[in-house]
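Below: the structure, in structure tokens.
The values are calculated or read from the model by the stated rules, or taken from the named source; none is laboratory data. Small disclaimer: the values here were computed from a predicted structure and weren't measured. In this analysis, Cβ positions are derived from the backbone assuming ideal geometry, glycine residues included, and neighbour counts consider all displayed protein chains. Remember, those area values only see protein heavy atoms, side chains included, never the ligands or the DNA or RNA. Shrake-Rupley method; radii C 1.70, N 1.55, O 1.52, S 1.80 Å.
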Amino acid sequence: MSTSASTSLDGKVVVVPGGTGNVGEGIVRAFLKAGATVVVPSRSQSRLDALVKLIGPELGANLKTLAAGYGTFDDADQLATRIVKEYGRVDHVVASVGGWWMGKALWQIGQDDWQKVFVDVATSHMALARSFVPRLADDGSYTTIAGFSGQKPYPAAGIVSMQGAAQLMMREAFSAELKGQRRINDLVLGPIINRSRPGGDPNWLTADQVGEAAVGVARTPSIADEHVVLDTVEDLKKTLARVAG
Ligand SMILES: NC(=O)c1ccc[n+]([C@@H]2O[C@H](COP(=O)([O-])OP(=O)(O)OC[C@H]3O[C@@H](n4cnc5c(N)ncnc54)[C@H](OP(=O)(O)O)[C@@H]3O)[C@@H](O)[C@H]2O)c1
């Protein structure tokens with residue numbers, strides 16, 4: 001990252017729901033490197049403690065953890081209200097919520113699987129977006145992290161694909177209704193090299209590279225209402241070539 005990029009978000013408040021996760025960790029690290037104050041809410045204090053250790057004390061001075069969920073509209077509203085009260089503003093949100101799941105064909109899915117993988121995750125994404133988008137700074141942005149399986153069915157992971165498709169359409173519907181009042185984008189990721197899967201194809205992005213792309217999207221006014229596809233390192237290069245200097 002260039003020197004200007006490394007200081008470009010000084011004083012900005014960035015909320016990363018899902019920041020405790022495999023991909024979220026890289027997003028949190030990249031925004032901290034860019035100078036932002038990063039607020040990470042989580043349902044679990046122990047996952048927040050683990051994130052603080054992963055980030056380390058040097059970079060972690062501006063990492064603010066919050067043991068609070070956002071699985072219902074009320075919880076997300078309370079979270080957004082609390083963050084605006086405590087930090088005075090929200091500039092950017094990057095929602096990296098929900099993980100991978102597979103093992104059953106659609107006709108084998110039980111009610112519990114459906115609730116956990118589709119309903120809970122879709123509800124959290126909607127709850128976050130409806131609470132935070134109206135509270136964003138005028139020049140702020142909202143980015144939702146999605147996966148390739150939301151655009152292409154993945155056998156034995158159909159409910160992950162269905163949730164991803166709903167998430168991508170949520171973003172498109174927000175864009176259609178906001179009509180440019182706020183910037184909202186989604187990053188459509190391929191497989192990501194991360195702390196739980198440290199090896200992989202050299203063309204795959206790392207979690208830190210997803211973070212680099214998310215920072216670039218947040219600070220580039222011309223990237224609005226887009227599916228930003230990040231399947232490979234080549235895609236990342238194309239995205240970074242577009243970001244504001
Ligand atoms: N890992 C990959 O290779 C990959 C590839 C393509 C796309 N993605 C996308 O990246 C995003 C994050 O994936 P990840 O691999 O980082 O997942 P992960 O490690 O399982 O992390 C998921 C995060 O979501 C949060 N979360 C909140 N409510 C949740 C709920 N009801 N169910 C599940 N998680 C919930 C968790 O926070 P707390 O538990 O702390 O509250 C956790 O921080 C997802 O949108 C995924 O589709 C990942």
- Listed peptides 54-62, 150-158 by packing density, highest first (mean Cβ within 10 Å): 150-158, 54-62
- Pairwise centroid distance, computed over Cα atoms, of segment 155-199 with segment 47-106, Å: 17
- Which percentage, to the nearest 5, of the DSSP beta bridges contained in the chain is antiparallel? 5
- Query: Rounded, prolate or oblate: which one fits segment 1-132, using the alpha carbon gyration tensor with axes a ≥ b ≥ c (rounded when a/c is under 1.5, else prolate when a/b beats b/c, else oblate)?
  - Reply: prolate
- Message: Counting only protein heavy atoms and a 1.4 Å probe, tell me what percentage of the chain's accessible area is made up of carbon and sulfur.
- Response: 53
- Item | With all protein chains modelled, accessible area of residue 182 [1.4 Å, Å²] | 50
- Averaged per residue, the 1.4 Å probe accessible area of segment 106-155, protein heavy atoms only, in Å², is roughly 53
- Long-range amide H partners of residue 183, meaning residues 5 or more apart or on another chain whose placed amide H is closer than 5 Å, are 142
- Task: Hey, can you grab everything whose amide H is under 5 Å from the amide H of residue 147? Only 5+ residues off in sequence or another chain; H modelled, so Pro and N-termini drop out.
- Result: 189
- Charge dipole (debye, nearest 20) of the chain; +1 at Cβ of Lys and Arg, -1 at Cβ of Asp and Glu: 240
- Query: Taking a ≥ b ≥ c as the square roots of the eigenvalues of the Cα gyration tensor of the chain, is the shape rounded (a/c under 1.5), prolate (a/b larger than b/c) or oblate?
  - Reply: rounded
- Query: Which residue, chosen from 211, 245, 200, occupies the Cα position most advanced towards the positive end of the dipole of segment 144-245, where the dipole is computed from +1 (Lys, Arg) and -1 (Asp, Glu) charges on Cβ about the Cα centre?
  - Reply: 245
- Any idea what the relative contact order of segment 71-175 is, in percent, if you count C-alpha pairs under 8 Å spaced at least 6 apart? 38
- Would you mind calculating the relative contact order of segment 3-242 from Cα pairs under 8 angstrom and at least 6 residues apart, reporting the percent as a whole number? 21
